[in-house]
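Visitor: Just passing along the structure, written as structure tokens.
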Amino acid sequence: MDFFMQSLLLTLLTLVASIFVLQKRRKLLVLGSTKSLPPGSFGWPLVGETYQFLFNKIEHFLQERVQKHSSEIFHTHILGESTVVLCGPGANKFVSTNETKLVKVSYMKTQRRFFIIPDQRHAPMPKPTQEAASAAPVKILGILKPEGISRYMGNKIESTMNQHFITHWEGKKEVKVYPLVKAFSLTLGCQFFLGIDGPKFASEFENLYFGIYSVPVNFPGSTYHRALKAAAAIRKEIQILIKEKIDALSKGQVVDDLIAHVVGAEQDGKYVPRLEISNIIMGLMNSSHMPIAITLAFMIKHIGQRPDIYQKILSEHADITISKGSGTALDWNSIQKLKYTWAVAQETMRLYPTAPGAFREAITDITYEGFTIPKGWKIFWAFIGTNKNPKYFHEPESFDPSRFEGNAPVPYTWLPFGAGPRTCPGKDYVRFVVLNFIHILITKFKWEAILPDEKVSGSSIPIPAEGIPIRLHHY
Ligand code: HEM
Ligand SMILES: *[C@@H]1O[C@H](CO)[C@@H](O)[C@H](O)[C@H]1NC(C)=O
Ligand SMILES: CC(=O)N[C@H]1CO[C@H](CO)[C@@H](O)[C@@H]1O
């Protein structure tokens, strides 16, 4: 239904917009004769290739164009803007080493609307500004480094996991993994970032997460509309929490969740503005909740259908349990010893990437591979462009954690967390949480995937179509 309505609307828009087609083509002439755009197509008038980008699997969108243009750089028009897409190891190196010199982080116009507060009185939306979309001031997020995580998270993850397993796993013969790990990662995020007992705002965070890769048509019922509404509701709640933390801190109370940390942090001698805090916290909750749930879900599925992998993980964890005792959260030191389990997680992230790419903007005219990316154009840096390329990953469709044992993949061919100055600041958190969860799971249960051939739905982001039902056996 959703899809149908969006299709209808887009078709109408396309008709109306046909008259503008020449206007857009004119842009090409601006470039002059000595500079050449990368190959590509602007697609349909107005909507460009947004459709193809959002409704095919992104990897197919990339493959198709890379093959057609014989180039790992091509131009397109998506989400209302002229965009150059970059994929491949060379481009990965180029973008990550030229960050802040030639490119800067930038959201699409349609995405910036998630980060501003719409006026309550139905006034027109304020123009999304670049500043409003500025990403988290990562330097105040030292709390996400291993020392911070161990210090602030140890107790929280232990109590959250115990509660979670007692409520949802113990005594069960069959469970659906995906909804459970979603509840877990959200509960943990609520505890750690917001300092509240969750899971709260489950549907809002899910809508927000999928909204960033949705057709940006804003009418009731559309995915984009739901995501904007979710962002507003989440930010409102976070504003209330910020006020509570300010009150608590000013009374001298000790508060150790991340909001309080950011509220109390100074940046260039000033406190971080409240709007920015709510964007940072919303961003952290968004980045941590669904990607961890999706990674855990597919990881558990593959472990459950491969006894060899199961046994290897189990023996790695048994070694740790002997020295630590069971049922307690692992510290960073133990986490680092779980090399094979992490290889399984890495292989999961290769096959089921939760961040297909990131947006940048050309700060100046950029020359790459003899092509020009005009100043001001958007760049979609597709991290996943290499994940399933047989040139870099032999039999790319098979699940084989040994790829990450011993020899690392060819540099710049596997970037689940990005690369360069903007590398995901949450990657240690991911490792800590994912491995701790698997630790408890594997020391308590044995399991089999009930549907080994379960379909993967979702275009931009992989989703298990049936929620990954498994059969559970207790030790
Ligand atoms: C499987 C889990 C995750 C994956 C695959 C992932 C991947 C990524 C990627 C690819 C980026 C974009 C980097 C860029 O723009 O170049 C990113 C950014 C970011 N991630 Fe993650 N992430 C994950 C989990 C997390 C978690 C758990 C947190 C927080 C605890 C987090 C916080 C962030 C933040 C704040 C940014 C923006 C950083 C910036 O723009 O400077 N992520 N992540
Ligand atoms: C939510 O996280 C995903 C990546 O995990 C990212 O692509 C998206 O931009 C984020 N959305 C918001 C509104 O922060
Ligand atoms: C201006 C600049 O720093 N350019 C660099 C972009 O990245 C390539 C590949 O890493 C370098 O060779 C350039 O010097």
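Visitor: Of the listed peptides 395-408, 309-322, 227-240, what is their order by residue-averaged count of other C-beta atoms within 10 Å, with the highest listed first?
Guide: Order by mean packing, descending: 227-240, 309-322, 395-408.
Visitor: With charges set only on the Cβ (+1 for Lys and Arg, -1 for Asp and Glu), what does the dipole of the chain come to about its Cα centre, in debye to the nearest 20?
Guide: 960 debye
Visitor: Next up: S398 versus V410, label points 7 Å from Cα toward the beta carbon: distance in nm?
Guide: Between S398 and V410, the label points sit 1.9 nm apart.
Visitor: Place +1 on the Cβ of every Lys and Arg and -1 on the Cβ of every Asp and Glu in segment 290-374, take the dipole about the Cα centre, and give the residue among S334, M349, T295 whose Cα lies farthest towards its positive end.
Guide: After comparing all options, I get S334.
Visitor: How large is the dipole of segment 193-343 about the Cα centre if only Lys and Arg carry +1 and Asp and Glu carry -1, each at its Cβ, rounded to the nearest 20 debye?
Guide: 300 debye
Visitor: With every protein chain left in place and a probe of 1.4 Å, what is the accessible surface of K93, to the nearest 10 Å²?
Guide: Result for K93: roughly 110 Å² accessible.
Visitor: Quick one: length gained pulling A318 to K35 fully straight, 0.36 nm per residue minus the C-alpha distance?
Guide: Full-extension gain reported as 95.8 nm.
Visitor: Add -39500 (n - 2.57) for each DSSP H run of 4 or more in the chain, then divide by its residues: what number comes out at 222 nm, to the nearest 500 deg cm²/dmol?
Guide: -15000 deg cm²/dmol
Visitor: Quick one: Cα centre-to-centre distance for segment 407-430 and segment 328-397, in angstrom?
Guide: 6 Å
Visitor: Using the Karplus curve 6.51 cos²θ - 1.76 cosθ + 1.60 with θ = phi - 60°, work out ³J(HN,Hα) for each residue of segment 370-380 in order, rounded to whole Hz, and write x for Gly and Pro.
Guide: These are the phi-based 3J(HN,Hα) values: x, 9, 10, 9, x, 3, x, 6, 7, 10, 9 Hz.
Visitor: Got a sec to turn the phi values of segment 259-274 into Karplus ³J(HN,Hα) couplings, 6.51 cos²θ - 1.76 cosθ + 1.60 with θ = phi - 60°, whole Hz, x for Gly and Pro?
Guide: 4, 4, 4, 6, 4, x, 7, 9, 10, 6, x, 10, 6, 6, x, 4
Visitor: Probe radius 1.4 Å, ligands and nucleic acids ignored: give me the carbon and sulfur share of the accessible area of the chain as a rounded percent.
Guide: Exposed carbon and sulfur together represent 57 percent of the surface.
The values are calculated or read from the model by the stated rules, or taken from the named source; none is laboratory data. All figures in this text were calculated on a predicted structure; none of them were measured in a lab. So basically every Cβ, Gly included, is an ideal-geometry build from the backbone, and we count neighbours across all protein chains shown. Ligands, DNA and RNA are stripped out before the accessible areas are found, and what is left, the full protein with its side chains, is counted by its heavy atoms. Shrake-Rupley method; radii C 1.70, N 1.55, O 1.52, S 1.80 Å.
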